[in-house]
Each structure stands twice: as structure tokens, then as C-alpha cells.
Amino acid sequence: MNSQFLREKFLDFFKSKGHKIIPSDSLVPKDDPTVLFTPAGMNQFKSQFLAKKPTLKRVATCQKCLRTDDLEKVGKTPWHHTFFEMLGNFSFGDYFKEEAIEWAWEFLTEVLKIDKNKLWVSVYIEDEESYRIWKEIIKADPVKIVKLDDKHNFWPAEVKLKGPDGPCGPCSEVFFDRGKNFGCGRDSCQPGCRCDRFVEVWNLVFTQFNRLSDGTLEPLPKKNIDTGMGLERLASVIQNCDTNFETDLFRPIVEEIISKLDRDIQKFKEDIYAISDHIRAISFAIADGVIPSNEERGYVVRKLIRKSILHLKRTGIEKAFLYRLVPVVAEIMGSSYPEIKQRRENISEIILREEKNYFSILKTSKIIFREKFKDFLRGEVDEIKAGRIAFQIYDTYGIPFELTQNFAMENNFKISKEEFENQLELQRLRSQQLSKIEKKVFVSSEELNLKPTKFLGYQLFETKAKILEVIKRDNFYEVILDKTVFYPESGGQIGDTGLIKKGKSIFEVLDTQKSNGIIIHKGNFKTGILKKNDTVSAQVNISRRLAIARNHTATHILQAVLRKVLGKHVQQHGSYVGENYLRFDFSHFKPLSFDEVRRIEDLVNEHIMNNEPVVKKEITFAKAKKLGALAFFEEKYGKKVRVVFIGDYSKELCGGTHLDFTSEIGIFKITSFSSVAQGIKRIEAITGKSTYKKLIEYEGLIKEIANLLNSNPENILVQLKKKIQDLKELRNRLDNLQFEYIKASLDEIFNSAENIDGIKLIFKIFKDISLKIIRDITDLIKQKGLPTISLLITILDEKAFMVIGISDDLVSSKGLDASVMIKEIAGVIRGSGGGRKDFAQGSGTDIDKLNLTYLKLKELLKR
């Protein structure tokens, strides 16, 4: 049985048991600040676990997951992964232990035909009910029913003593016995042993308690089922493989790596397995919109790429190669996850850029070492501190410890490997915390026993409604209605404002939010008071709503135009749709040229002037995907979705408010374009009245400039060019005069120079002298042919620019290096620099410490 067959069999089985089949959620969890990535199948159902009246009863999924808490074990063990698929069935107050256990056993033994004699189970030591079900109903061999403690068979592990607060309960696990040959060999070996004999296949969690802050476990009024079975482990059992890496989920990746090696693969099997794991995690994370960076999710992806490169280097592959594995991943996983195939080229390009960047860092590692270990190069001895620095270098740049240690040995200082590993372990624990649930098992909003609010804002700006709740906060109120016309912040669009009125009582809505389907109106009372069960009039600020709609419709047109001008690889990576402007972040790997921006702006305005209809339809998600409607990766969609069609060129899943025709946008004007991260560009733009105001502002500015130039607006460009040319000529004349003046006083500068061991030290600070002049003066000093070191500084616009020149004889005989010295000297004034051994320049901002730069120069010379 291949893995695709196993996915289908699992979902079909639970569909036959009355479960609703839910698609995998994104790896980037929405509205869940407790985790960076989706770590388990239950994650997307947190609101169902919390709800007093769940909207779902029983569901099943195959969820893509990503965890990094066992990163250092990946490749070294048969079972550990970063990315994996979790098969799970869930019950929200519906069935409980007996059905969950019976169906698990039925699926494994009757559907998959696994030999019952090879299956063991574990139960929580105090869970007599589960033990009875396994023994009396399933008729499992009592010898193969193992009772284990809180650490092994309670979720979360050791929750009674350590927390977190919230839903918890015992669990029962199903194990596959691989036989004595795979284990420790002891006759007493059983599930719970640390050897590899027993493979945990399925974990059935019975959330029947709520842990309180004092550690008490109170029974939940509605008990839930949360199960998880790793597809990779199941495949290894069914396909009779010794490790997950030998299954059809990994084998093609492993074989592709091996095909490029010309050495003994057994020696590098752990590296090969780690690479084959990491490329799956990297590919799926990028497909779900995570771009490598130095923060949060992006940091995890960058780290996985860099670890993979180091594994590849150990196998002998010394050039970019990881990106070439993406098509292999797409071929294996594409039928279940079409987004991998659709974005294959885009994912490969992102990885290739990261690979090239990392190889560049490795090549320049000595520069990084000199900067980070500068105190040790001066003679400092502190192995513990050096170990911490080595970890920082590894953590920030991905440079391996071995490379850092080699540098230390070459420069006669020691690094504590033990401290490096201590820091690595601390980071692993931090990562573990990010992969787990914080403080409470679930983060929920106000626990209100209310039905979802009915939203009427697509058709109306005003409606009569009934107040369900009025909640007082510290400095504002929240009003909840049975129905509303106020759009809650969602999908990048800000929430509506307006008024809720009854007679003379007026509540001003300053923001609108949504939580678990309940729309919350936030604000304060202008007059009077409103209370529960009052019938009120809810009125949206219409002019503000229309301004937001202009920007939202324009955003859709913009995305379509970007994909036409720049390419189909363009994918949304975030947006802001407000009253005054719009912002759109998207994937693109080259800087935007002025001509491209102008063409984008022209095409958007062309669509606006064509007065194209903006049609909104509610259709099934499957039909929307078939039509090719674009969906934002961070959004979560139900069975029915709202699609916004503009002309024949734009189809997007969107719940926001829009216009009816494009001409209502007015004029679209791009106000800025920039890069916000590697491979992510940003465009900000304005529409409607905002554009009109900006044009009036520009017109006034042009007239003011024309008045200053004694010109008319039509001729200001000619006049400006002339003025700039005049200034350049004056600057050149002034530079020449200043250069000649300093040149004439060169002998005086030499005579006043300090002499240290036969070396002339020239130090001079100038003000408003161009950098070119001090470079030219440095060259004149060197031409004197005397053993000289010069440090010349000029202050321009509250910033210091410096040049170091060293005579050739000192470079050759004394081994002095200006490019090294400039870094330390510029560092005194919070700056940096670089250059050649005989000539270097730098800059810094702390001009109050300029005199200390000369002291640093003398210190370096003595050293």
C-alpha cells in the first residue's frame, strides 16, 4: 500500500463512520498566537473544543504539521521529523472512548490487515475504563495491554504537576512490535522502553478533564476525542520498512541525493535522511507563504535550509543543490497537496537564493570571526564567553562550530564546546516551547454562549437589531448584536465604524472585531446608555465604508495586474485595506523598476476607466478552486465561499466589502514601492478622494517650487537642472580651493605628527570637507615615501567619514592592515568600514567620540 492509498483509506473509513472530512489547514495557523507552525491535527479545531455548542460533531483530517523541538534527532532516528502528516479523527462532545478504541482497532486490523499479534496498546495507569474496553470488548491479550504513568499516557504530559491549565485527559496508544531483533533484547521489553522495538502508531487522547490553576482536574461537561497517527510511521509499518526514510514518502528524495554522491553512502546516511526530511518542511512552509528571514517562522525555514546545506557539504556536495530536490517533493506530494506543484518553480527559486546567500556567508566567515572575536585577538581569555559567541555566530549566520573552532585554533585561543552545546540546548528548549501550547491549552476570547452574529453589511448600511450583550472593559465597551451591518476586521480589511442608537442613547462604534463567529462592536457611549435586549438602529459610517471598498476592490485589480506584468509567481503575502490607503505585499525576487511601476499603475487605471462589473457570488470551495480563484494562504475557508469576480481577469476568494463597478474607485495612484523582506515586495497606493487630495497637494508643491525658482510650473525641471549644475560647479571650485589649501599645509601637518618607534602618526579632523579631498590628501601623504600611518576624518551632515592610509613599507615589513584597523577604529564611533591593506575608509555616527579614534589607532599600533 502506498502512502496516497493510506491517506484515502483512512479518510474513507471515518467518512463511513459519519465523520465530516476536513481539508488540511495551512502550516501557518490563523488566529493562534500560541504556536509558530501547526503542530498537530487538533490545532484547527481549538474553537470546537472550547465551544459550549460546537458546530461540528465528528471530523477526520490528514493534517500537514511542522515541529522543531526534536530537530537535532532528525536523521539520527528512524522516526523523528520536522514536517509530517497527522491522520486524525475527532469528536466534540459526541462519541467517546469505546467508539474511538473500537474504530482504531477495526481500521488497523480489518482495513489495513495488520497482524493483531504484532499490536500492543498502552493505557493510563488510572484509566480503568480504557483498560476494560481493550480487554473485554476488543479482546486484546492482557499481556499486551501496558499501564503507563503521566509522562507517557496523559495529555499534555505531566499536566497534573506542571500544567498547562485547560482541557486534558488520559490517552491510549497503539504500538507495532517490530520484534526482538530491533530492540534492547530484554525479555521485559514493552511499550515505554526507550529502544526501537515498539513503534508508536496511533495516539488516542480522551480530553475529559479541565485542569484548574490549583492543579485540580474537574470533569468536562462534554468529553472530546483527539487522535493522531503519523502517516510516515504508518507507511513504514505497512511497507515493512526499517525506517520512515525507506518509505515511498522519502525514497525518491533519498535516491536523488545518493545519485549525486561518489562516496560511501552508509557513512553519510544520517545526513541524507536529515536533508530528505528538511526539504519537505522547507518546501511546504514556503508553499504556505513563509519566506526565509531572521524572524519567527522565516527564521525556522532559513535555519532548516542552512542545516541542510551543511549536511550536503559533509556528503561532498559543495554547491547549491537543495533547490533541485523541490521537483522530487512536488512529484511525491503533489496529488494530495497541489499547491506544491503549482508553486514548484517559485519555491525552488527562493531556496536557490538562500543557498547562494549562505555559501557567500561561509566564504566570508573570517571577516565575521575577526569582528566577533576581536577581544580574543587582542589576548582575552574566556572559553565560556567564546562558546557563547560561537553559538551566536551559528544561530545568526549558520556557521558551524567546527569552522569557528578552526579559526580559534589558528589564532591561539580556545572555545568551550560544552558552553556552545549548553546554548544549543537552551535554544532547543525555547523552540520546544514555541512548538507547544502556552499557559493555557487553548487561547479563547470572551466565553459567551451566543450564536454567530448574522452579517447584513453586504446589502445594507443600516439595520434594526437586538442587543445580546453589553460588556464593560477598562476604557471602552463592547456591544454584541443578533445581526449587524458592521464589517469586522478580517482578511486585511479594517473594521467598520459608525453608531448604534436608541432614542437619545448613542453608542459610537470605533472598531469592529470578530471572535468565533461573534461580531463585537467596540467603542464608547456618546450619550445615554444601552442595555441587553434593547432594540437599536445600527448605522455604518457610509463614506468611510465606501473609501475602504474603493481600496479593497483596487487591491484585487492590483494583484491581477501584478501577475500579468511580473508573472504568475506573484502571490499575496499580506495586505492592509484601510480608509486612507491600501498596502499589498507580494512575492517577487527582483527590484521593481520605475517602468514596471508605471505600467502597473497605468493598467490598474485602465481597468478602472473600463467601468467593469464587480460581481460577488457564494459558491462551493471546490468549484472556486476549479475556476482558478486566488486564495490567500493565511485565510481559512469553509465549504461555501464568497468569490469576487472583476471582469474576466480577477477571481478571488474574499469576504470583504467591495464596489459594484470599477469606475467607482476613481483614480489609483501608487505612493511607494519597496522591499520588506527577501523575495517580498510592498506597494502602497491611494484611491478616490485620497488621490484627489494628493494631486492637489502635489499641485501646490509644484507652484511653490516654481515661485522659488522665479519660473512657471512648465519650466521648473529645466530651471532645477540648471541650478543643480551651478551648484556642482561651485562645489568643484570650492573642493579645488580646499584641496590646494590643505596641500600647502602638508609640511606643517607632517611636522606636527606624533612619532612612535620611527613611524609618523598623522591625525586630522576636518569639517565640511568632501570625502574625495581626504582620499586625495591620503594619497599625497603616502607619496612622501616615509613610514607613515594617517587617519583623516571629515564631518558631513552630522556623520563622520574617515580614511586610513599606511605607507607600503609598513604594510610589507610590519604586516599592518588598514582594512582590519578601520573596522575597530570606526567601531569607536558606532560605524564600520573596509578596504585594502594600505588604504581603507569607513564612517560612523557618534561624532562626540572622534578624538577617541586616535587613541584606538595608537593602541592598535602598539599591539
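Name the residue that is nearest to the chain's Cα centre (by Cα), counting only residues in the stretch 399-435 that are among the small types (G, A, S) and at pLDDT 90 or above.
Ranking the qualifying residues of the stretch 399-435, first place goes to S416.
For the stretch 270-281, which residues satisfy the criterion of being touching a helix residue (DSSP H, G or I) at 6+ places or on another chain (Cβ under 6 Å), open to solvent by 10 Å² or more (accessible area, probe 1.4 Å) and either outside any helix (DSSP H, G or I) or of a type outside the set (S, T, Y) (or both)?
D271, the sole residue that qualifies.
Kindly list, by first and then second residue, each pair from a residue in the stretch 282-310 that is in a loop (DSSP other than H, G, I, E, B) and of a type in the set (S, T, N, Q) to a residue that is modelled with pLDDT under 95 and surrounded by fewer than 24 Cβ atoms within 10 Å (Cβ to Cβ), limited to pairs with Cβ atoms under 9 Å and residues at least 6 apart or on different chains.
Matching pairs, first to second residue: S293/Y299; S293/R302; S293/A677; S293/Q678; S293/I680; N294/R302; N294/T396.
I need the full set of residues from the stretch 790-820 which are open to solvent by less than 10 Å² (accessible area, probe 1.4 Å), touching a helix residue (DSSP H, G or I) at 6+ places or on another chain (Cβ under 7 Å) and farther than 20 Å from I769 by Cα, in order please.
Result: I806, S807.
Are any of the residues in the stretch 558-576 open to solvent by less than 20 Å² (accessible area, probe 1.4 Å), in contact (Cβ under 8 Å) with a residue 60 or more places away in the chain, of a type in the set (G, A, S) and assigned to a loop (DSSP other than H, G, I, E, B)?
no
Out of everything in the stretch 527-546 that is assigned to a strand (DSSP E or B) and in contact (Cβ under 8 Å) with a residue 24 or more places away in the chain, what residue ends up being most open to solvent (accessible area, probe 1.4 Å)?
Among those residues, the one meeting the criterion is T535.
Among the residues of the stretch 645-654, are any open to solvent by 70 Å² or more (accessible area, probe 1.4 Å), out of contact with any Phe, Trp or Tyr (no Cβ under 9 Å at 6 or more places or on another chain), touching a residue at least 12 places away in the same chain (Cβ under 8 Å) and not aromatic (F, W, Y)?
No, the stretch 645-654 contains no residue that is open to solvent by 70 Å² or more (accessible area, probe 1.4 Å), out of contact with any Phe, Trp or Tyr (no Cβ under 9 Å at 6 or more places or on another chain), touching a residue at least 12 places away in the same chain (Cβ under 8 Å) and not aromatic (F, W, Y).
Checking S690 against (1) more than 25 Å from I291 (Cβ to Cβ); (2) among the polar types (S, T, N, Q); (3) open to solvent by less than 20 Å² (accessible area, probe 1.4 Å), which single condition isn't satisfied?
Of everything listed in (1) more than 25 Å from I291 (Cβ to Cβ); (2) among the polar types (S, T, N, Q); (3) open to solvent by less than 20 Å² (accessible area, probe 1.4 Å), S690 misses just condition (3).
What's the number of the only condition in (1) under 26 Å from F209 (Cα atoms); (2) at pLDDT below 95; (3) in a loop (DSSP other than H, G, I, E, B); (4) open to solvent by 40 Å² or more (accessible area, probe 1.4 Å) that S47 fails to meet?
It fails just one condition, (3).
Taking the stretch 27-43 as the search range and keeping residues that are in contact with a Cys (Cβ under 8 Å, 6 or more places away or on another chain) and touching a residue at least 60 places away in the same chain (Cβ under 8 Å), which one is surrounded by the fewest Cβ atoms within 10 Å (Cβ to Cβ)?
Top of the filtered list is A40.
Output the residues belonging to the stretch 372-398 that are modelled with pLDDT under 85 and open to solvent by less than 20 Å² (accessible area, probe 1.4 Å).
Hit for the stretch 372-398 is G398, nothing else.
Has the stretch 452-474 got at least one residue that is modelled with pLDDT of 90 or more, assigned to a loop (DSSP other than H, G, I, E, B), crowded, with 18+ Cβ neighbours inside 10 Å and out of contact with any strand residue (DSSP E or B) (no Cβ under 6 Å at 6 or more places or on another chain)?
Yes, the conditions are met somewhere in the stretch 452-474.
Restricting attention to the stretch 500-516, which residues are in contact with an Asp or Glu (Cβ under 6 Å, 6 or more places away or on another chain) and either in a loop (DSSP other than H, G, I, E, B) or open to solvent by 20 Å² or more (accessible area, probe 1.4 Å) (or both)?
K502, Q513
Tell me the helices (runs of 4 or more DSSP H) entirely within the stretch 97-153 that contain at least 1 residues that are open to solvent by 80 Å² or more (accessible area, probe 1.4 Å) and either farther than 26 Å from F182 by Cβ or basic (K, R) (or both).
Output list reads 128-132, 150-153.
Considering only the stretch 311-330, how many residues are under 16 Å from S360 (Cα atoms), touching a residue at least 60 places away in the same chain (Cβ under 8 Å) and in a helix (DSSP H, G or I)?
Matching residues across the stretch 311-330 total 0.
Can you name every residue in the stretch 76-93 that is assigned to a loop (DSSP other than H, G, I, E, B) and modelled with pLDDT of 95 or more?
Result: H81, T82.
Hey, among the residues in the stretch 592-622 that are among the acidic types (D, E) and more than 30 Å from K640 (Cα to Cα), which one's least open to solvent (accessible area, probe 1.4 Å)?
Ranking the candidates gives E601 first.
May I ask you to say which residue of K823, K849, K837 is free of Cβ contacts under 8 Å to residues at least 60 places away in the same chain, open to solvent by 30 Å² or more (accessible area, probe 1.4 Å) and assigned to a helix (DSSP H, G or I)?
Step by step, each of K823, K849, K837 is checked, and only K849 is free of Cβ contacts under 8 Å to residues at least 60 places away in the same chain, open to solvent by 30 Å² or more (accessible area, probe 1.4 Å) and assigned to a helix (DSSP H, G or I).
Within the stretch 250-269, is there a residue that is surrounded by fewer than 24 Cβ atoms within 10 Å (Cβ to Cβ) and in contact with a His (Cβ under 9 Å, 6 or more places away or on another chain)?
Checked against the condition, which is being surrounded by fewer than 24 Cβ atoms within 10 Å (Cβ to Cβ) and in contact with a His (Cβ under 9 Å, 6 or more places away or on another chain), the stretch 250-269 yields at least one hit.
Filter the stretch 310-341 down to the residues that are among the hydroxyl-bearing types (S, T, Y) and open to solvent by 60 Å² or more (accessible area, probe 1.4 Å), then identify the one that is nearest to E85 (Cα to Cα).
Among those that are among the hydroxyl-bearing types (S, T, Y) and open to solvent by 60 Å² or more (accessible area, probe 1.4 Å), it is S335.
Only residues in the stretch 611-636 that are at positive phi count as the first member; pair them with residues that are at pLDDT 85 or above, Cβ under 8 angstrom, at least 6 apart or cross-chain, and list the lot.
Within 8 Å, the pairs are N611/F661; N611/T662; N611/S663; G628/K651.
Suppose we filter the stretch 222-248 for residues that are assigned to a helix (DSSP H, G or I), closer than 30 Å to G166 by Cβ and open to solvent by less than 40 Å² (accessible area, probe 1.4 Å); how many remain?
So the count comes out to 3.
Could you please let me know if R344 is basic (K, R), out of contact with any helix residue (DSSP H, G or I) (no Cβ under 8 Å at 6 or more places or on another chain) and either crowded, with 19+ Cβ neighbours inside 10 Å or closer than 30 Å to K568 by Cα (or both)?
no
What's the number of the only condition in (1) within 53 Å of the chain's Cα centre (by Cα); (2) not in a helix (DSSP H, G or I) that K760 fails to meet?
All conditions pass for K760, except number (1).
Just checking, how many residues over the stretch 540-584 are closer than 20 Å to D660 by Cβ and among the small types (G, A, S)?
Going through the stretch 540-584 one residue at a time, the tally reaches 5.
What about E704, is it closer than 30 Å to I667 by Cα, among the charged types (D, E, K, R) and open to solvent by 100 Å² or more (accessible area, probe 1.4 Å)?
So E704 fits the description; yes.
Looking at the stretch 730-761, which of the residues that are of a type in the set (F, W, Y) and farther than 18 Å from D808 by Cα is least open to solvent (accessible area, probe 1.4 Å)?
Looking at the filtered set, the residue picked out is F739.
The values are calculated or read from the model by the stated rules, or taken from the named source; none is laboratory data. Keep in mind it's a predicted model, so treat the numbers as computed, not measured. Positions of Cβ are backbone-derived with ideal geometry, glycine not excepted, and every protein chain shown enters the neighbour counts. Just so you know, the surface numbers come from the protein's heavy atoms only, side chains and all, with ligands and any DNA or RNA stripped out. Shrake-Rupley method; radii C 1.70, N 1.55, O 1.52, S 1.80 Å.
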